[in-house]
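**Student:** Just passing along the structure, written as structure tokens.
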Amino acid sequence: MKAVNNPLKRIAIIGLPNTGKSQVFNNLTKKYTVVANFPFTTVEMKSGTFNIYNQPYEIIDTPGIHCLYIHSEEELFVRDMLVFKQPDIIIQCIDANRLKQSLTLTFDLLELGIPMVISLNAIDETTKKGILIDSDAVSKFLGVPVIESIAINDIGTKELKDTLEVARKGTIPVQYGEIIEEGILAIEKLLPNSISFKRKLSLLFLQEDPFLMDSIRSISETDNSAKIKEKTEELRSHFRGSISLLINQKKNAWIENICSKTIKKQKITLKSFPEFFARISRHPVYGIPVLLGFIFLMFYSVVNFANVIAAWMHDTLWFPIENQITHVFPSGFWNEFLIGDYGFLTFGISNAILTVLPILSVFFLLFNTIEDMGYIPNLSVLLKRISEKIGLSGSAIMPITLGFGCKTMATLTTKSLRSKKERYIAIYLIAFALPCAPQMALNMSILGRLGARAFIIAFAFLVFVEIVAGLFLNKILKNDNSNDFIQALPDIRMPSPKAVIKKTYYKLLWFLKEAIPIFVYSALFLFIIDKIGLLGGIKNILKPLIIGFLGFPIEMVDVLILCMARHEAASGMIIKLIQVGKLNYIQCIVAVTITTMFVPCVANIMAMIKELKLKSALIMVFVINASAFILAGILNRILILTIK
Amino acid sequence: MNKTKIKDEHLEILWKMKEESKDSIDDLKKSTGKEYDIDIVEQLSKEGLAEYNEKDKKIKLTEKGEDLARILIRAHRIAERMLHDVIGGDFETGACEFEHTVTPELIDGICTLLGHPKKCPHGLPIPRGECCKLSKRTAESSVVSLTDLKVGQSARVAYVTTKDDQQLHKIDGLHIRPGAVVKLHQVYPAYVIECEGINIALDGEVASNINVWKDINHALHKDNISKGSSCRDIENKKKKFFGSFFCKRRY
């Protein structure tokens, strides 16, 4: 067979937030990127490659956008990519539940005139709701192929692949009437020759797009911005009413027409359990027991399953090895190097695989189920109650809520906040006393050994300091224009067990890949500084702080050092200290709170630097660490006074 | 057009210029177009309604002029609001002539009836009248804010006022727009509404900017009226409606 070298074609996956773009990306590339039932799962563009019938494709997964008129920075990246690095094909992902909302974006994309295919996702859900979409008719209206699919179950992927070959430019939706059309032509002439999509860009200028001028200036040498501005102002003043309004009216009429002819709804809507559950979960009263129920479920499972599994694995898998080693090296260097206090095997391997891994497995299974249900955006409605009091008006809630999953990702999503003040507060609160999913899992495991009361004390304290920090920052930072809270809430759906297991598997795999080397290196590091006497020196210096102020045994210095490398390693060490009886009830609670607050993980610090610039980020990390120590010391005193 | 009307138009444009913080005579010329009349400008300055500085070519309303312009602008925008809310469409044609013929008392009456609207359908501020200051709510307005609905109630969106374009695009992108039916599910800690099949959470400020007809069949009345009239009428109406967008001036 002759090998054909076709040129690489670039595909961009575009769509509203939470319409299954990443899932389609995974289905096409057979790679895995994290997918979840909430908006902003993808914060950075990802690309991958695949082949169909000898045709190589590069495919780009993008963060969600609503239309080509831009609201925030990350949407801007997507538009700049589309407009200035023109892909060969666009796949627009549309959630069938939100066909009407998605058509606004479709309209804009059709105006660009890039060949396009539409993946009409979650088609099973609309059918269940009694909504029937005639996808062939939609395709006729748009002039591009529309493929029905259920992306989470990988249904429709083959059809999508087959259609890529016949992706075509759609029908340009509307003409705007004489004055606007002439205006478009006039502005087109002022745009630099090198850029494409002049018609669409001119339209965006007429709608007073706030970012476009800068984008064009950044790629072109000729600067016609003053002329363009003059021209658009002239056109706007010739107009009775608003140009944006007229353009939107045309757009809406086009959308209404398509929807009225392609969507059929049955008149009776069934009361569904997911809808009922969604309402309960964001209700100001009933929502709280639901939240507490989920926390209890996770706590119970970690304590009664994960801890038991971990203990069993420790007994059956680790003891024989330890015994064997003790048998060969009863004492001396090798004994210490392998299974001593900072032993390579004890610390690096057994800690990661036998202690931390089972806890994370159980926790992630539950957490991912809750995440895929779509519970988290509903939780953001509940959290609004607290956030209002600490000066976060609205859109900051979603990033902070995401912090319960992964703080790094949550920090990156603060890009969508326009208010500098809120952005700063959000980044601070995410980095500070908010436990991310693995931290939460390990905290539950540690405190579960002491009983539910310890868990309640520690978390009440963390919530308290988080609120105080928010209030304080709100007071000292200068007010600026606040953001509005406008958040589409996804439908609650039954999570697919396969998808949950797959996601858990990948998260654990990534943990092992990233963490085991860090566990091993930090064990080696501690082993070496211990051997050369440096560790002893540090401990001597820190003695008043650790023992006097925080009330810890001196071994907690190891925990804090490990905390800088990887929080899971620190938690593993705490578990070990509990097992050998070195931490009492109060010390455990204080240890958990200080490790939760102390140094955000390296990835989170990198994200902070990216969002805040180096100096502010480092100041913030310093302040967080200083307050972690002070607050933990105070907590220690309070507990000593109140708990016998 | 008679002299008084042209004078009124000049006053209104000077008010608009004040809103946009413009004060040069060129802006006035541009905005008035053919109607620009230097005699009127001089008359205004003679009557103490405007200060015209020939040297820097600057012109602005005096306090007395502002009082007069406020009444005119208020009448015009209230008229637009009324036509838009009640008829639900062609608000431009009627409003143009309106401000020259009504009394401030009548305007206050309409304003009260509409529930003291703050903005005209273009989103420009309506100057406050005596009635707004007293905040009389004599008749129950047919248009209310989303925040005035009860949980479980459905309503049809009449108009949305927003503080900036970006917010408008965001709301519009979720299809919360005139004509859409919304159902209020929850008011605390955040407003949750259902619109076009999806649930949306909003904060109080955004929700208060969404104004709705409590009667969800409201806009449908309009269709019924249209059906009653002949096709030709509708064609003419449409022409007038779109035509009005292309008028030289806007208020």
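**Student:** Out of all the residues in segment B:43-66, which are acidic (Asp, Glu) and either at pLDDT 85 or above or buried (at least 17 other Cβ atoms within 10 Å of the Cβ) (or both)?
**Tutor:** B:Glu47, B:Glu51, B:Glu63, B:Glu66
**Student:** Sticking with this one: Any idea which of (1) assigned to a loop (DSSP other than H, G, I, E, B); (2) modelled with pLDDT under 90; (3) closer than 26 Å to A:Arg418 by Cα is the one A:Leu434 doesn't satisfy?
**Tutor:** (2)
**Student:** Next question. When you scan segment B:1-55, how many residues do you find that are of a type in the set (Ser, Thr, Tyr) and part of a helix (DSSP H, G or I)?
**Tutor:** 4
**Student:** Taking B:Val151 as the residue in question, decide whether it is in a loop (DSSP other than H, G, I, E, B), more than 18 Å from A:His66 (Cα to Cα) and either more than 9 Å from chain A (Cβ to nearest Cβ) or more than 19 Å from the chain's Cα centre (by Cα) (or both).
**Tutor:** It is true that B:Val151 is in a loop (DSSP other than H, G, I, E, B), more than 18 Å from A:His66 (Cα to Cα) and either more than 9 Å from chain A (Cβ to nearest Cβ) or more than 19 Å from the chain's Cα centre (by Cα) (or both).
**Student:** If a residue must be under 19 Å from B:Trp15 (Cβ atoms), modelled with pLDDT of 75 or more and among the small types (Gly, Ala, Ser), how many such residues does segment B:76-110 contain?
**Tutor:** So the count comes out to 1.
**Student:** For residues in segment B:116-135 being part of a loop (DSSP other than H, G, I, E, B) and more than 14 Å from chain A (Cβ to nearest Cβ), which is surrounded by the fewest Cβ atoms within 10 Å (Cβ to Cβ)?
**Tutor:** Once the filter is applied, the top-ranked residue is B:Ser135.
**Student:** Consider segment A:468-507. How many of its residues are more than 22 Å from A:Met298 (Cβ to Cβ), at pLDDT 90 or above and among the β-branched types (Val, Ile, Thr)?
**Tutor:** Number of matching residues: 1.
**Student:** Scanning for something within 30 Å of A:Ile456 (Cα to Cα), hydrophobic (A, V, I, L, M, F, W, C) and surrounded by 13 or more Cβ atoms within 10 Å (Cβ to Cβ), does segment A:246-265 turn up at least one residue?
**Tutor:** Scanning segment A:246-265, I find no residue that is within 30 Å of A:Ile456 (Cα to Cα), hydrophobic (A, V, I, L, M, F, W, C) and surrounded by 13 or more Cβ atoms within 10 Å (Cβ to Cβ), so the answer is no.
**Student:** Okay, moving on. Could you run through segment B:174-194 and say how many residues are more than 25 Å from the chain's Cα centre (by Cα), buried (at least 20 other Cβ atoms within 10 Å of the Cβ) and in contact (Cβ under 8 Å) with a residue 12 or more places away in the chain?
**Tutor:** Residues flagged as more than 25 Å from the chain's Cα centre (by Cα), buried (at least 20 other Cβ atoms within 10 Å of the Cβ) and in contact (Cβ under 8 Å) with a residue 12 or more places away in the chain within segment B:174-194 amount to 5.
**Student:** Test each condition in (1) touching a helix residue (DSSP H, G or I) at 6+ places or on another chain (Cβ under 7 Å); (2) in a loop (DSSP other than H, G, I, E, B) for A:Met494 and report the one that comes out false.
**Tutor:** It is condition (1) that A:Met494 fails.
**Student:** Could you tell me which of the residues A:Thr346, A:Thr369 is among the polar types (S, T, N, Q), in the same structural domain as A:Tyr300 (by TED's automatic domain parsing) and farther than 30 Å from A:Pro495 by Cβ?
**Tutor:** That would be A:Thr346, the only listed residue that is among the polar types (S, T, N, Q), in the same structural domain as A:Tyr300 (by TED's automatic domain parsing) and farther than 30 Å from A:Pro495 by Cβ.
**Student:** Filter segment A:124-156 down to the residues that are within 14 Å of another protein chain (Cβ to nearest Cβ) and among the β-branched types (Val, Ile, Thr), then identify the one that is farthest from B:Ile171 (Cα to Cα).
**Tutor:** Per the stated criteria, the residue is A:Thr127.
**Student:** Something else about it: Quick one: A:Lys200 ticks every box in (1) at pLDDT below 80; (2) under 33 Å from the mean Cα position of the chain (by Cα) except a single one, so which number is it?
**Tutor:** (1)
**Student:** Just to be sure before I move on: is A:Gly581 farther than 13 Å from A:Phe347 by Cβ and small (Gly, Ala, Ser) in the structure I sent?
**Tutor:** yes
**Student:** Looking at (1) touching a Phe, Trp or Tyr at 6+ places or on another chain (Cβ under 9 Å); (2) within 14 Å of another protein chain (Cβ to nearest Cβ), which is the one condition that is false for A:Tyr176?
**Tutor:** (1)
**Student:** Which ones in segment A:246-257 are within 9 Å of another protein chain (Cβ to nearest Cβ) and closer than 16 Å to A:Glu178 by Cα?
**Tutor:** A:Leu246
**Student:** Can you give me the number of residues within segment A:138-155 that are part of a loop (DSSP other than H, G, I, E, B) and modelled with pLDDT of 90 or more?
**Tutor:** Number satisfying all stated conditions: 4.
Residues checked against (1) in contact with a Pro (Cβ under 6 Å, 6 or more places away or on another chain); (2) more than 14 Å from chain B (Cβ to nearest Cβ); (3) of a type in the set (D, E, K, R); (4) exposed (fewer than 15 other Cβ atoms within 10 Å of the Cβ):
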residue: A:Val463; (1), (2), (3), (4): no, yes, no, yes
residue: A:Leu489; (1), (2), (3), (4): yes, no, no, no
residue: A:Pro497; (1), (2), (3), (4): no, yes, no, yes
residue: A:Val500; (1), (2), (3), (4): no, yes, no, no
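**Student:** Going by the structure shown, is A:Thr326 in contact with a helix residue (DSSP H, G or I) (Cβ under 8 Å, 6 or more places away or on another chain), loosely packed, with under 14 Cβ neighbours inside 10 Å, more than 30 Å from B:Val187 (Cβ to Cβ) and more than 14 Å from chain B (Cβ to nearest Cβ)?
**Tutor:** Yes; evaluated as a whole, the condition is true for this residue.
**Student:** Take the residues of segment A:377-400 that are buried (at least 24 other Cβ atoms within 10 Å of the Cβ) and more than 11 Å from chain B (Cβ to nearest Cβ): which is farthest from A:Pro495 (Cα to Cα)?
**Tutor:** Once the filter is applied, the top-ranked residue is A:Ala396.
**Student:** If we only count helices (runs of 4 or more DSSP H) wholly inside segment A:165-227, which ones have 3 or more residues that are exposed (fewer than 15 other Cβ atoms within 10 Å of the Cβ) and charged (D, E, K, R)?
**Tutor:** Fully inside segment A:165-227 and qualifying: A:178-190.
**Student:** Applying the selection to segment A:477-535, what residues are of a type in the set (Ser, Thr, Tyr) and within 30 Å of B:Ile210 (Cβ to Cβ)?
**Tutor:** Once the filter is applied, which keeps residues that are of a type in the set (Ser, Thr, Tyr) and within 30 Å of B:Ile210 (Cβ to Cβ), segment A:477-535 yields only A:Ser482.
**Student:** Now for a separate question. Inside segment B:173-215, counting only strands (runs of 3 or more DSSP E) that do not spill past its ends, which hold 3 or more residues that are under 17 Å from A:Pro377 (Cβ atoms)?
**Tutor:** Result: B:191-195, B:198-202.
**Student:** What number of residues within segment A:258-289 are over 29 Å from B:Ala190 (Cα atoms), away from every other protein chain (no Cβ under 11 Å) and touching a residue at least 60 places away in the same chain (Cβ under 8 Å)?
**Tutor:** 5
**Student:** Same structure again: When you scan segment A:581-599, do you find a residue that is under 27 Å from A:Phe404 (Cα atoms) and either free of Cβ contacts under 8 Å to residues at least 24 places away in the same chain or not assigned by TED's automatic domain parsing to the domain that holds A:Phe363 (or both), even just one?
**Tutor:** no
**Student:** Step by step: first the residues of segment A:58-77, then only those that are within 14 Å of chain B (Cβ to nearest Cβ) and in contact with a strand residue (DSSP E or B) (Cβ under 9 Å, 6 or more places away or on another chain), then the one that is nearest to A:Thr413 (Cα to Cα). Which residue is that?
**Tutor:** Among them, the one singled out is A:Gly64.
**Student:** Given (1) at pLDDT below 90; (2) under 20 Å from A:Phe344 (Cβ atoms); (3) among the aliphatic types (A, V, I, L, M), identify the lone condition not met by A:Leu534.
**Tutor:** All conditions are met except number (1).
Here's the yes/no breakdown for (1) surrounded by 16 or more Cβ atoms within 10 Å (Cβ to Cβ); (2) at pLDDT 85 or above; (3) in a loop (DSSP other than H, G, I, E, B):
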residue: A:Phe25; (1), (2), (3): yes, yes, no
residue: A:Thr33; (1), (2), (3): yes, no, yes
residue: A:Ile59; (1), (2), (3): yes, yes, no
residue: A:Pro63; (1), (2), (3): yes, yes, yes
residue: A:Cys67; (1), (2), (3): yes, no, yes
residue: A:Glu75; (1), (2), (3): yes, no, no
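**Student:** Pick from A:Leu105, A:Leu110, A:Leu99: which is more than 14 Å from chain B (Cβ to nearest Cβ), in a helix (DSSP H, G or I) and buried (at least 20 other Cβ atoms within 10 Å of the Cβ)?
**Tutor:** Going through A:Leu105, A:Leu110, A:Leu99 in turn, the sole match is A:Leu110.
The values are calculated or read from the model by the stated rules, or taken from the named source; none is laboratory data. This is a predicted model, so every value here is computed, not measured. We place every Cβ from the backbone using ideal geometry, glycine too, and count neighbours over all the protein chains shown.
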